[in-house]
Number of protein chains: 2
Amino acid sequence: MYEAALSLVGEVGYPRTTIEGIAARAGVGKQTIYRWWPSKAAVLLEAFIDLGEQAARAAGTEAGDYAIPDTGDLAADLRTVLRATVDELVDPKYEAPSRALAAAGVVDPQLGAEFVEKLLEPQLQLYVERLRAAQETGDVRAGIDPRIALELLVAPLAHRWLLRTLPLTHAYADAIVDYALGGLAAR
Amino acid sequence: MYEAALSLVGEVGYPRTTIEGIAARAGVGKQTIYRWWPSKAAVLLEAFIDLGEQAARAAGTEAGDYAIPDTGDLAADLRTVLRATVDELVDPKYEAPSRALAAAGVVDPQLGAEFVEKLLEPQLQLYVERLRAAQETGDVRAGIDPRIALELLVAPLAHRWLLRTLPLTHAYADAIVDYALGGLAAR
């Protein structure tokens, strides 16, 4: 079902993807889909949640046990995770459905709230935990709110991906980590 | 025409807005619109470019003469412009059409490229100029690329607005300026 939805959006585009089309490709009746999901956007959201759980299982962890590495070198750990995020965002395999889902959430507050609650915020909390650990070791300023601070790291990547302003590369991820940790102001 | 497009999207939503509906409200034939714009998204894009030019004229400047204030206090100048950006983003008057345009650009590369070239990038260049001036006065680190640095300032606001993660407030804008200039790392 999820694989059918993701591949169909990738092939025909989101506007021409229908519940009927997803059902046909998955070999089920369309009533089966309507029984569980209110819309094609809802199917996509669950498909990406499922992908995340698959990735966690493949990594030998439960989805809830996932964490940003803590090698003691905060800059290196953040470069590792932001480079991996770049790789995910530029992967052509999921580009069409993930853009479709993001765009649907921009204009639909209820879907957007579900996207944030179920998919985005759990990922952002991993940054909160890593930054809080860095505050405990004295690597991050004590007065910083980690829930705000993480947005300096993840938002620039999302911005380039969503708006396609400039290339999304590892070098860019490294620069963001350097600028965010070291600050733009001269010392 | 532009006012008709913006108000119609605000009232009936983007999916139910049609070229015919815009034409009817503006009191012109639909062929008049099709002659100049390939899609309703293209009408919206031009409407927002026109709004920007109107705002520049109201401020007594040409659109091309607009600049971020330079009082000599970089942090204060950035707080001023980011607070104004927050006010624009949360203004309910243009919320529906601006979200519709952003979402259309996320899934349509050609429209997205036009959005960036005509509307977004000229605004981002104002940050490049202000940050470059700050490098010349020694307020910003010499090694920083201003075109990347500005993304630490504008992307977090866009992220909260697009994805509706948490409230978009002046206090948030102030925190972003403080964190971006001072850096997250302890000194």
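The values are calculated or read from the model by the stated rules, or taken from the named source; none is laboratory data. Not measured: the values here are computed from a predicted model. Reconstructed Cβ throughout: ideal geometry from the backbone, glycine too, with neighbour counts over all protein chains shown. SASA here: full protein model, heavy atoms, side chains in, ligands and nucleic acids out. Shrake-Rupley method; radii C 1.70, N 1.55, O 1.52, S 1.80 Å.
In region B:104-121, the residues that give up 50 Å² or more of accessible area when the other protein chains are added, compared with the chain on its own (1.4 Å probe), are B:V106.
A 1.4 Å probe run over the protein chains yields, for region B:41-187, 44 Å² of accessible area per residue, whole-number rounding. Annotation for region A:1-76: chymotrypsin sites (Phe, Trp or Tyr not before Pro) lying in DSSP loop with at most 15 further Cβ atoms inside 10 Å of their Cβ are A:Y66. Per-atom-type breakdown for the protein assembly as shown gives carbon and sulfur 55% of the accessible area (1.4 Å probe, protein chains only).
Tell me the GluC sites (Glu not before Pro) within region A:27-94 that lie in a loop according to DSSP and have at most 10 other beta-carbon atoms within 10 Å.
Details: sites: A:E46, A:E53, A:E62, A:E88; in loops: A:E62.
Loop-located and lightly packed - A:E62.
Basic side chains Lys and Arg get +1 at the Cβ, acidic Asp and Glu get -1 at the Cβ, and with that the dipole of the protein assembly as shown about its Cα centre reaches some 860 debye.
Are there any trypsin sites (Lys or Arg not before Pro) in region A:18-97 that are in a DSSP loop and have at most 14 other Cβ atoms within 10 Å? List them by number.
On the way: sites: A:R25, A:K30, A:R35, A:K40, A:R57, A:R79, A:R83, A:K93; in loops: none.
Within region A:18-97, no trypsin sites (Lys or Arg not before Pro) qualify (loop, at most 14 other Cβ atoms within 10 Å).
Between A:D50 and B:E53, what's the calculated FRET efficiency when r is the beta-carbon distance and R0 is 41 Å? Round to 0.05. Intermediate values should be presented prior to the final figure.
Working: r = 47 Å, r/R0 = 1.14.
The pair A:D50/B:E53 has a calculated efficiency of 0.30.
Between amide H atoms placed 1.01 Å from N, distances below 5 Å from A:V140 occur with A:Q135, B:A186, all of them 5 or more places distant or on a separate chain. Taking a straight Cα-Cα cut-off under 21 Å and skipping sequence neighbours fewer than 8 places away in the same chain, the lysines within cross-link reach of B:K30 are B:K40.
Between B:R187 and B:R35, the FRET efficiency from the beta-carbon distance, with R0 = 56 Å, is close to 0.40. Chains A and B together bury some 4500 Å² of accessible area, summed over both sides, with a 1.4 Å probe.
Sequence gap at least 6, Cα distance under 8 Å: using those rules, report the relative contact order of chain B to the nearest whole percent. Before the final figure, lay out the partial values.
Values: 147 pairs, mean separation 41.3, N = 187.
Relative contact order for chain B comes out at 22 percent.
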